[in-house]
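**Q** Let me begin by handing over the structure; questions about it come next.
What follows is calculated from the coordinates using simple rules that are stated; it is not laboratory data. Since the structure is predicted, the reported quantities are computational estimates derived from the model, not experimental observations. Neighbour counts are summed over all protein chains in view; Cβ atoms, including those assigned to glycine, are modelled from backbone coordinates with ideal geometry.
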Amino acid sequence: MPQGERLKVKGSSNCVGERVRLLRDGLKLTQDALCARIAHETGEWADPGTRWVPTKTEISRIESGIRAVLDLEVMALAKVLGVSPKDLLPASTEDLKDSGQ
């Protein structure tokens with residue numbers, strides 16, 4: 001992989017975006033509402049001054065697979081969506097090959 005390139009599967013920079021969108025839609029949350037919940041949640045456990053306050057654009061880029069997602073962000077997304085972090089991830093790399101991502 002050339003320097004500066006990031007790992008991608010089927011053009012996607014993450015494997016959680018589609019699940020985030022499906023769960024958010026299932027909860028009837030707007031992207032703005034999800035942003036607010038994430039900011040509140042991460043304010044509870046993140047180091048002072050480091051909570052994640054995503055924008056609607058950031059959530060849109062995650063859901064569309066454009067933006068990579070950090071492990072702590074996966075934790076926050078899972079918490080506010082009411083699932084385990086492992087529920088956002090594919091079970092195996094074989095699932096990556098078979099999925100739409």
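**Q** Placing +1 at every Lys and Arg Cβ and -1 at every Asp and Glu Cβ, with all other atoms neutral, what dipole size does the chain have around its Cα centre, in debye to the nearest 20?
**A** Result for the chain is approximately 220 debye, rounded to the nearest 20.
**Q** A follow-up question, please. Could you give the angle, 0 to 90 degrees to the nearest 10, between helix 71-81's Cα long axis and the longest principal axis of the Cα atoms of the chain?
**A** For 71-81 against the chain, the angle is about 60 degrees.
**Q** Let me ask something else. To the nearest 0.05, what FRET efficiency results for Lys28 and Thr93 with a Förster distance of 30 Å applied to their C-beta separation?
**A** E between Lys28 and Thr93, to the nearest 0.05, is 0.40.
**Q** What does the net charge come to around Asp32 if you take all other residues with beta carbon closer than 12 Å to its beta carbon, with K and R at +1 and D and E at -1?
**A** +2
**Q** I've got another one for you. Need one number for the chain: average projected area of the convex hull over its C-alpha atoms, nm².
**A** 7.1 nm²
**Q** 7 Å from Cα along Cα→Cβ at both Val83 and Ser64: what's the point-to-point distance in nm?
**A** Going by the 7 Å Cα→Cβ label model, 2.1 nm.
**Q** Show me the ranking of peptides 36-46, 56-66 by mean Cβ neighbours inside 10 Å, starting with the highest.
**A** My ranking of the peptides, most packed first, is 56-66, 36-46.
**Q** Per residue of the range 8-22, what does 6.51 cos²θ - 1.76 cosθ + 1.60 with θ = phi - 60° give for ³J(HN,Hα)? Whole Hz please, x for Gly and Pro, Karplus curve as stated.
**A** Values, residue by residue: 9, 10, 6, x, 9, 8, 8, 10, 10, x, 5, 5, 4, 4, 4 Hz.
**Q** Still on this structure, please answer the following. Just to confirm my numbers, what's the Cα centroid distance between the range 67-94 and the range 1-62 in Å?
**A** Between the Cα centre of the range 67-94 and that of the range 1-62, the gap is 9 Å.
**Q** On to the next question. Helix 31-45 versus the longest principal axis of the chain: what is the Cα-based angle in degrees, 0 to 90, to the nearest 10?
**A** Once rounded, the angle reads 70 degrees.
**Q** Can you work out the Karplus-derived ³J(HN,Hα) for every residue in the range 82-87? Use 6.51 cos²θ - 1.76 cosθ + 1.60 with θ = phi - 60°, whole Hz, and x for glycine or proline.
**A** Listing the rounded values in order: x, 10, 7, x, 5, 6 Hz.
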